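Peer 1: Just dropping this structure here.
The values are calculated or read from the model by the stated rules, or taken from the named source; none is laboratory data. Note that the structure is predicted; figures quoted are calculated from it, not measured. When we count neighbours, we look across all protein chains shown, and the Cβ atoms used for this are built from the backbone with ideal geometry, even at glycine. Surface accessibility is based on the protein's heavy atoms, side chains included, excluding ligands, DNA and RNA. Shrake-Rupley method; radii C 1.70, N 1.55, O 1.52, S 1.80 Å.
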Amino acid sequence: MTDASRRDFLILTGAAGAGLLLADSTPSFAATNSNSSLAAETGRTKVAAMLADAPTSGGYEIMPLVSAGDDIPLLVGTWPNLEPHPELTYGITGEPDGMGTMQVGDHHYVWLQHELVGDKDDEDYTETRFSKTISGMVPGARLSLIKFTKDWQVVGGTQLIREFKPTAFLMQKDGTTPRVAAGSKLDLDLNKRTVTHAGHVPSDFCGGMLAETGFINPATGKEEPVWFANEENGGYSGVAWACFPDGTAYPLEGFGIYEKETTLALRSYNAKTHGVNVLLSSEDDDDGSIYLWIGKPADGDPNGFANGQLYAMKIAGAARESGPGKLDGTPDDQPSVAADGDSVVGKEGDTKPCTWIAVPKEATRTGDALADFLSGKDANNGRRATAFLAPEDINEDPSVADRIWLAADGGAGSPVYDDDKPRYENPMSRLYRIDLGVKEPGDSATWSTTITLAKEGGLGKGVSYDNLAPDSHGMVLISEDWDQGSDEADAVWDVLKQEQRPPAMYFFDSKSGEMKLAFLTEMGKHDPALDWKQLSALIASGAEGEKKARDDSSFWETSGMIEVPAENAGGRSAYLVTVQAHSLETDGYGEGGQVLLCRPKAV
């Protein structure tokens with residue numbers, strides 16, 4: 001890490017000016033708090049944009065809002081009446097990931113996850129400062145709540161989760177010790193200006209989802225917005241949480257324990273309208289499954305987070321999405337060949353039927369029990385549930401009922417993987433469309449679910465698909481998370497060497513099937529060591545240089561994007577996007593990163 005990579009050097013010439021486009025003559029909230037590090041004239045970050053508009057996007061204005069390392073006014077009070085403290089601040093931590101937003105009156109509220117590691121046995125375990133005005137460190141993953149004005153000036157922010165409720169059913173590997181014990185709290189003392197932590201340390205908050213309606217806060221008995229947070233580290237925790245605005249997080253006990261990428265609550269079905277809640281989830285693992293939860297409210301469980309039935313998706317005749325032994329009844333221990341990398345669904349546009357396999361309740365109690373059940377053989381001598389290599393984000397189409405989009409990362413395409421053996425499994429990445437075909441919401445046996453291969457990754461189409469955001473205009477915005485350092489990702493690395501571009505985002509047109517470049521990270525501008533001119537020179541120097549470029553580069557990624565309907569214009573959608581600047585450091589707030597607003601320019 002060079003000194004030039006540190007955040008203090010990121011406030012580039014003109015950075016503050018990027019926010020002047022929406023500024024008015026009213027003093028910003030940042031200007032009223034002398035400890036805020038935001039630009040007083042704009043009420044936004046001083047750090048230059050970490051994302052740029054691509055020539056093929058149609059024209060977007062890129063506005064950086066907050067960056068890792070910023071201190072913003074601390075929000076105090078109770079939901080929804082949260083106001084900025086005149087002196088105290090809240091620090092924006094790094095690795096920003098999943099986001100949600102809703103409007104309350106004339107303000108935007110943004111839920112922002114931070115994918116920090118909370119497992120103390122992991123070399124990447126992280127503790128971050130609460131702020132420069134409040135002493136104390138916060139261990140593990142974070143969930144921020146940030147308030148903006150109508151024109152996207154920062155009002156303030158705070159740490160949302162203050163208490164994790166214990167698990168009563170989900171257990172550690174011994175089957176008797178609660179996965180999360182009682183007494184897990186974060187205490188913020190404004191008088192002493194301190195923060196202290198006890199109990200459970202969350203880890204790897206990855207994808208998430210905001211449900212504005214349809215769920216009841218057990219503490220108040222009222223319908224309130226809820227954020228679904230997911231711990232992606234299944235070996236350590238693997239719990240999904242329902243986080244209400246009062247700071248309390250409740251475990252989704254029916255969902256079991258696994259590497260949770262995203263939990264998605266279908267907008268069309270909730271306890272108020274249908275007597276059930278329908279949730280879906282993806283498991284980011286080498287043998288990852290797609291899960292369905294049909295929850296039924298009961299006494300003491302107003303949302304059906306514990307009472308209900310868990311299912312896993314089975315593609316007809318498929319043990320795996322691709323890879324050796326992908327078809328039921330075929331061996332999975334044979335040498336891998338290139339044809340193994342083809343999707344079991346077929347070519348782009350092909351469709352296969354799916355069913356939902358009920359998981360016995362007891363098999364959801366521990367992570368090992370769930371994995372053992374799903375990997376067991378069915379009547380066709382195939383895996384009970386179809387396994388994917390690293391299924392990433394899932395998201396609901398806002399325009400087509402019961403339609404889900406899935407980013408299947410994959411990334412195994414190498415003739416000499418692991419002990420010189422080949423491995424081919426979804427080598428570039430794939431975008432899938434899942435049409436649930438819901439008939440009776442409470443009975444998945446009546447559904448006619450199908451999966452369609454929408455797009456294969458590759459040259460000009462992006463690789464290593466990670467997060468996605470379907471919008472109201474028929475586009476799906478897709479982000480990349482390069483896996484070039486893996487010894488099985490030769491196919492991905494070959495694409496990157498040919499295109500020599502920074503990590504990007506792509507628009508997929510769900511009507512035409514076309515893919516075009518939307519946004520590019522400004523990785524090389526902020527960290528010259530990651531400029532492709534430097535990387536190309538290393539590659540040209542020989543095998544050792546290429547190995548250094550491939551394995552030692554902390555390439556950036558984009559994530560967490562969501563549509564912002566209030567800013568849509570000209571038949572195109574606006575988005576909030578996070579950038580994870582993995583190669584940069586902050587002073588006590590983890591890696592670099594940024595939240596940006598991307599809104600269409602007038603044509």
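Peer 1: Taking the stated definitions as given, is ALA358 in contact with a helix residue (DSSP H, G or I) (Cβ under 9 Å, 6 or more places away or on another chain) and among the aliphatic types (A, V, I, L, M)? Spell out how you get there, then give the answer.
Peer 2: Details: in contact with a helix residue (DSSP H, G or I) (Cβ under 9 Å, 6 or more places away or on another chain): yes; among the aliphatic types (A, V, I, L, M): yes.
Answer is yes for this residue.
Peer 1: Name every residue in the range 473-491 that is in contact with a Phe, Trp or Tyr (Cβ under 8 Å, 6 or more places away or on another chain), open to solvent by 10 Å² or more (accessible area, probe 1.4 Å) and hydrophobic (A, V, I, L, M, F, W, C), in order of residue number.
Peer 2: Of everything in the range 473-491, those that are in contact with a Phe, Trp or Tyr (Cβ under 8 Å, 6 or more places away or on another chain), open to solvent by 10 Å² or more (accessible area, probe 1.4 Å) and hydrophobic (A, V, I, L, M, F, W, C) turn out to be MET475, TRP482.
Peer 1: Then there is this: Across the range 62-101, what is the total count of residues that are charged (D, E, K, R) and buried (at least 18 other Cβ atoms within 10 Å of the Cβ)?
Peer 2: As a first pass, look at the range 62-101 and keep what is charged (D, E, K, R): 70-71, 83, 87, 95, 97.
Filter again for buried (at least 18 other Cβ atoms within 10 Å of the Cβ), leaving 70-71, 95, 97.
Total meeting the criteria: 4.
Peer 1: Could I ask something else about it? Is there any pair linking a residue in the range 186-197 that is under 20 Å from ALA141 (Cα atoms) to one that is open to solvent by 50 Å² or more (accessible area, probe 1.4 Å) and among the hydroxyl-bearing types (Ser, Thr, Tyr), with Cβ under 7 Å and at least six apart or on different chains, and which?
Peer 2: Sorted first by the residue in the range 186-197, then by its partner, the pairs are ASP187/THR196; THR194/SER135.
Peer 1: When residues of the range 527-550 are filtered for being more than 17 Å from GLN498 (Cα to Cα), among the charged types (D, E, K, R) and in contact (Cβ under 8 Å) with a residue 12 or more places away in the chain, how many remain?
Peer 2: Here the count works out to 1.
Peer 1: So which residues in the range 323-358 are aliphatic (A, V, I, L, M), touching a strand residue (DSSP E or B) at 6+ places or on another chain (Cβ under 6 Å) and closer than 25 Å to TYR417 by Cβ, if there are any at all?
Peer 2: ALA338, VAL344, VAL345
Peer 1: Something else about it: Would a scan of the range 303-321 turn up a residue that is free of Cβ contacts under 8 Å to residues at least 60 places away in the same chain, more than 29 Å from ASP174 (Cα to Cα) and either surrounded by fewer than 21 Cβ atoms within 10 Å (Cβ to Cβ) or in contact with a Cys (Cβ under 6 Å, 6 or more places away or on another chain) (or both)?
Peer 2: Yes: the range 303-321 contains one or more residues that are free of Cβ contacts under 8 Å to residues at least 60 places away in the same chain, more than 29 Å from ASP174 (Cα to Cα) and either surrounded by fewer than 21 Cβ atoms within 10 Å (Cβ to Cβ) or in contact with a Cys (Cβ under 6 Å, 6 or more places away or on another chain) (or both).
Peer 1: Another question, if that's okay. Inspect the range 350-364 for any residue being open to solvent by less than 40 Å² (accessible area, probe 1.4 Å), part of a loop (DSSP other than H, G, I, E, B) and among the hydrophobic types (A, V, I, L, M, F, W, C) and give the result as yes or no. Write out each step before concluding.
Peer 2: Applying the first criterion (open to solvent by less than 40 Å² (accessible area, probe 1.4 Å)) to the range 350-364 yields 354, 356, 359, 363-364.
Cutting the leftovers down to part of a loop (DSSP other than H, G, I, E, B) gives us none.
Checking the range 350-364: not a single residue is open to solvent by less than 40 Å² (accessible area, probe 1.4 Å), part of a loop (DSSP other than H, G, I, E, B) and among the hydrophobic types (A, V, I, L, M, F, W, C).
Peer 1: Condition first: open to solvent by less than 50 Å² (accessible area, probe 1.4 Å), over 17 Å from MET475 (Cα atoms) and acidic (Asp, Glu). Now tell me which residues in the range 547-566 satisfy that. Show your work before the answer.
Peer 2: Just the residues of the range 547-566 that are open to solvent by less than 50 Å² (accessible area, probe 1.4 Å), to begin with: 549-550, 553, 555-564.
Then drop every residue that is not over 17 Å from MET475 (Cα atoms), which leaves 549-550, 553, 555-558.
Residue satisfying the conditions is GLU557 alone.
Peer 1: Cβ contacts < 6 Å: first residue under 20 Å from LEU374 (Cα atoms), restricted to the range 342-357; second residue open to solvent by 60 Å² or more (accessible area, probe 1.4 Å) and modelled with pLDDT of 95 or more, any location; separation 6+ or different chain. Result?
Peer 2: Cβ pairs passing all conditions: ILE357/ARG384.
Peer 1: Looking at the range 148-199, which of its residues are surrounded by fewer than 22 Cβ atoms within 10 Å (Cβ to Cβ) and of a type in the set (D, E, K, R)?
Peer 2: Scanning the range 148-199 gives LYS150, ASP151, ARG162, GLU163, LYS165, LYS173, ASP174, LYS185, ASP187, ASP189, LYS192, ARG193.
Quick grid of which residues meet (1) over 20 Å from the mean Cα position of the chain (by Cα); (2) surrounded by fewer than 20 Cβ atoms within 10 Å (Cβ to Cβ); (3) in contact (Cβ under 8 Å) with a residue 40 or more places away in the chain:
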position	(1), (2), (3)
TRP493	yes, no, yes
MET505	no, no, yes
PHE508	no, no, yes
GLY513	yes, yes, yes
LYS525	yes, yes, yes
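Peer 1: I would also like to ask the following. Quick check on the range 102-112. Is at least one of its residues open to solvent by less than 20 Å² (accessible area, probe 1.4 Å), hydroxyl-bearing (Ser, Thr, Tyr), more than 16 Å from the chain's Cα centre (by Cα) and farther than 18 Å from ASP393 by Cβ? Before the answer, list the steps.
Peer 2: Just the residues of the range 102-112 that are open to solvent by less than 20 Å² (accessible area, probe 1.4 Å), to begin with: 108-112.
If we keep only those that are hydroxyl-bearing (Ser, Thr, Tyr) as well, we get 109.
Filter again for more than 16 Å from the chain's Cα centre (by Cα), leaving 109.
Okay, now just the ones that are also farther than 18 Å from ASP393 by Cβ, so 109.
Within the range 102-112, one or more residues are open to solvent by less than 20 Å² (accessible area, probe 1.4 Å), hydroxyl-bearing (Ser, Thr, Tyr), more than 16 Å from the chain's Cα centre (by Cα) and farther than 18 Å from ASP393 by Cβ.
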